[in-house]
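Here's the structure we're looking at; comments come further down.
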Amino acid sequence: MHRYGLIGKNISYSFSRGYFREKFEALGLSDHLYENFDLPGLTEFPLLLEKYPDLKGLNVTIPYKEQIIDYLDELHPTAEAIGAVNTIAFGPGGLKGFNTDVTGFKESLKPLLTQMDREALILGTGGASKAVFHGLEALGLKATYVSRKAGKNQLTYSELTPEKLSQYQLIVNCTPVGTHPHTAHAPELPYSGLKPTQLLYDLIYNPAETRFLLEGKRKGCRIKNGLEMLQIQAEEAWKIWNS
């Protein structure tokens, strides 16, 4: 059996399992299996490896994209630069960590950008936000984090006035706020400051239009959810596992 899977916490909603099951079926790979491994903590990770010695590859999601690095034998340079891993390859040298989120984000964002898009706000400071920051830099955009805590190159939500919010051409939500079933929630922003020239990108894909995106839609903003990003990063992971 060629076994693959996703590790994370509270991941029953995940896109990956259904995506890879459909992919395996379409390719006639009856000896391939993709499972969700819901771990209460990463101390369970070594036990998972013992239980499933036939694992060929893993995806990693919230909240383990940064913590998983301590359990790996090697990092791809991009994953090392980002400081977060979302894909693990199993090989003769052990476990190697990659970050395909950055490719998924960049490739899904590029068609939406205009010459006027130069500065971005990144909501959240977790593993996914680091890939987004790296991707924005690669695309030539200056990025600033937004967090509940003050920090270097970082604003707090309380510092975002409507006027301040309007100065950024792109706002990317990297937090889980607004994910199903908590669809009434949205990041605490002064949405009255949004302008039609802005682009709102939400890494969330369930629901397809979060309240964050709907607020932007009401203001005439360009909007994009994270589904295409997930599809691209999944295909990149598949390439890594089969290289």
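None of the figures in this text is laboratory data; all of them are computed from the coordinates on show. As the structure is a prediction and not an experimental result, all values here were calculated from the model. Methodologically, a virtual Cβ is constructed for each residue, glycine included, from the backbone with ideal geometry; neighbour enumeration extends over all protein chains shown.
Which residues, taken from region 154-188, are charged (D, E, K, R), out of contact with any helix residue (DSSP H, G or I) (no Cβ under 6 Å at 6 or more places or on another chain) and touching a residue at least 24 places away in the same chain (Cβ under 8 Å)? I'd like the intermediate steps shown before the answer.
If we filter region 154-188 for residues that are charged (D, E, K, R), which is where we start, we get 159, 163-164, 188.
This time we only want the ones that are out of contact with any helix residue (DSSP H, G or I) (no Cβ under 6 Å at 6 or more places or on another chain), so: 159, 163-164.
Across region 154-188, the qualifying residues are E163, K164.
Filter region 157-180 down to residues that are of a type in the set (D, E, K, R) and either assigned to a loop (DSSP other than H, G, I, E, B) or closer than 25 Å to N206 by Cβ (or both), then give me how many there are. Steps first, answer last, please.
Start the filter on region 157-180 by keeping residues that are of a type in the set (D, E, K, R), which leaves 159, 163-164.
Those still in the list that are either assigned to a loop (DSSP other than H, G, I, E, B) or closer than 25 Å to N206 by Cβ (or both) too: none.
Residues meeting the conditions: 0.
Take region 126-156 and flag every residue that is part of a helix (DSSP H, G or I) and either acidic (D, E) or exposed (fewer than 14 other Cβ atoms within 10 Å of the Cβ) (or both). Talk me through it step by step, then tell me what you get.
Pass one, region 126-156, residues part of a helix (DSSP H, G or I): 127-138.
Once the filter is applied, which keeps residues that are part of a helix (DSSP H, G or I) and either acidic (D, E) or exposed (fewer than 14 other Cβ atoms within 10 Å of the Cβ) (or both), region 126-156 yields E137, A138.
Given the structure, is Y191 touching a helix residue (DSSP H, G or I) at 6+ places or on another chain (Cβ under 7 Å), touching a residue at least 60 places away in the same chain (Cβ under 8 Å) and of a type outside the set (A, V, I, L, M, F, W, C)? Let's see the steps before the verdict.
Details: touching a helix residue (DSSP H, G or I) at 6+ places or on another chain (Cβ under 7 Å): yes; touching a residue at least 60 places away in the same chain (Cβ under 8 Å): no; of a type outside the set (A, V, I, L, M, F, W, C): yes.
No, not satisfied.
Taking Y4 as meeting all but one of (1) crowded, with 19+ Cβ neighbours inside 10 Å; (2) within 29 Å of T183 (Cα to Cα), write down the number of the exception.
Condition not satisfied by Y4: (2).
Among the residues of region 178-228 satisfying the criterion of being closer than 19 Å to Y145 by Cα and surrounded by fewer than 18 Cβ atoms within 10 Å (Cβ to Cβ), which is farthest from the chain's Cα centre (by Cα)?
Applying the filter and picking the extreme gives G193.
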